[in-house]
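Scroll down for the structure; my scribbles are underneath it.
The values are calculated or read from the model by the stated rules, or taken from the named source; none is laboratory data. In this text the structure is predicted, and so the values were computed from the model without any measurement. Counting neighbours? That spans all protein chains shown, and the Cβs are built from the backbone with ideal geometry, glycine included. When the accessible area is computed, the model is the full protein with side chains, heavy atoms only, and any ligands, DNA or RNA have been set aside. Shrake-Rupley method; radii C 1.70, N 1.55, O 1.52, S 1.80 Å.
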Amino acid sequence: MLNLSYRKAAASILMAALLLASGCTTNTQDSGSEPVSATGFMLDTVITVTLYDGLSNDTLDGALGVVSKYEQLLSKTIEGSDVWNINHARGKPTVVNEDTANVINTALKYSELCGGAFDITIGPASNLWDFKSSTPKVPDADELAAAISHVDYTKVQVEGSTVTLLDPEAEIDLGAIAKGYIADKVVEYLASRGVSSAIVNLGGNVYAMGSKGGNDWTVGLQDPFKRRETPIAAVKLKNKSVVTSGIYERFFKTEDGTFYHHILDPKTGCSVSNGLASVTIISDKSIDGDALTTSCFVLGLEEGMKLVESLEGVEAIFIDDNEQAFMTDGIGGENGIPYLTTDDLG
Ligand code: ADP
Ligand code: MG
């Protein structure tokens, strides 16, 4: 395993190479049929599905339908969704769809793995923040303290398809894991329709399905400090999920210049401030990537890296406030794929 100081050096080289590469657009289309894509606004974000084979508008509509179906179950704001029902049951058992129970069980597994850094009962705290407001406010300290007293994933009980919040004031928020689960479901659906080459992008939660005409996909990683669609680097891979959580997704700055963003420390209910700017996870299943990006972000570089390295088939790229990148060993060459590249930045 390469140590972090080596990784720092590697990152500097990466940044230098990136400067050289800036201005070149080398993404190319496959020869043959043009890809087709559909875009919608769901899950509070922009959803795009692009097919590179099995081109069919019905399949695209079906894929967006899959997103909508799961949003109806997993959203905390849609009245009558499973999550809404759990949150409004005042501690009574709620019967939910099997998918909802699956997502919650996976979330609880990650909470255990990271000692509560990831916690879907963040609801009472996340409700106090509005990152979309034109006049965003920092919640009152007392309110936040009261909210976090109800953040405790061990109070979520799942028995088969019945979910009970043992603390009636607790509230589930699947914002850090639902997109990953749904991305996996869209990929399953596309496979069932005979598609073997597609990009599923749920607001930056990307699944690069199959290959691009036998070649690797190139997935750009957002530069946390630049405007949207500005990559800091890219990964080349086949049939993998690439998920990033970062300070740039939803944030605001107060008049005194303090920066707040939407990844919260369950211990404080406040934005995590630990020197990290983003965490990217590459994995086979997007649900794992989604849960792990948030988990690792909250854990911080050292603990997050340890967690990822303890897991099979998961690679990570952490970018800190100084734009330095820290990567797991599987990235950067030895195994070939996935690897970080600066050659194909568009
Ligand atoms: P994105 O929504 O940009 O993909 P994340 O996957 O990191 O980013 O999810 C952030 C969302 O998850 C927040 O908006 C909030 O709803 C919820 N959340 C924030 N902090 C935590 C946490 N520590 N554990 C679980 N969920 C969280
Ligand atoms: Mg996440």
Q) On the given criteria, is E303 outside any loop (DSSP other than H, G, I, E, B) and away from ligand 2 (no atom under 16 Å from the Cβ)? A) yes
Q: Being within 15 Å of ligand 2 (Cβ to nearest atom) and among the charged types (D, E, K, R) narrows it down to one of D130, D119, so name that one.
A: D119
Q. Hey, K179 hits all of (1) in contact (Cβ under 8 Å) with a residue 24 or more places away in the chain; (2) away from ligand 1 (no atom under 13 Å from the Cβ); (3) outside any loop (DSSP other than H, G, I, E, B) but one; which does it fall short on?
A. (2)
Q.
Consider region 326-346. How many of its residues are part of a strand (DSSP E or B), open to solvent by less than 20 Å² (accessible area, probe 1.4 Å) and at pLDDT below 90?
A. 1
Q.
Every residue in region 67-84 that is of a type in the set (A, V, I, L, M) and either surrounded by fewer than 14 Cβ atoms within 10 Å (Cβ to Cβ) or in contact (Cβ under 8 Å) with a residue 40 or more places away in the chain (or both), please.
A. V67, L74, I78, V83
Q) Of G213, G160, which residue is out of contact with any Ser or Thr (no Cβ under 9 Å at 6 or more places or on another chain), open to solvent by 50 Å² or more (accessible area, probe 1.4 Å) and farther than 18 Å from D265 by Cβ? A) G160
Q. In region 239-276, what count of residues is obtained for those that are near ligand 1 (Cβ under 10 Å from one of its atoms) and among the charged types (D, E, K, R)?
A. 4
**Q.** Test result for L307, at pLDDT 95 or above, out of contact with any Asp or Glu (no Cβ under 7 Å at 6 or more places or on another chain) and open to solvent by less than 10 Å² (accessible area, probe 1.4 Å)
**A.** no
Q: Tell me which residues, restricted to region 232-250, are at pLDDT below 85, away from ligand 2 (no atom under 16 Å from the Cβ) and surrounded by fewer than 19 Cβ atoms within 10 Å (Cβ to Cβ).
A: none
Q.
Among the residues that make up region 271-281, is at least one of them within 15 Å of ligand 2 (Cβ to nearest atom) and assigned to a helix (DSSP H, G or I)?
A. no
Q. In region 113-172, how many residues are part of a loop (DSSP other than H, G, I, E, B), under 19 Å from A89 (Cα atoms) and of a type outside the set (S, T, N, Q)?
A. 11
Q) Among the residues of region 194-233, which ones are among the hydrophobic types (A, V, I, L, M, F, W, C), touching a residue at least 24 places away in the same chain (Cβ under 8 Å) and part of a strand (DSSP E or B)? A) A198, I199, V200, L202, V206, A208, M209, L221, I232, A233
Q: Give the residues of region 188-210 that are within 15 Å of ligand 1 (Cβ to nearest atom) and open to solvent by less than 30 Å² (accessible area, probe 1.4 Å), sorted by residue number.
A: V200, L202, G203, N205, V206, Y207
Q. In region 85-108, which residues are open to solvent by less than 60 Å² (accessible area, probe 1.4 Å) and assigned to a helix (DSSP H, G or I)?
A. N85, I86, N87, D99, T100, A101, V103, I104, T106, A107, L108
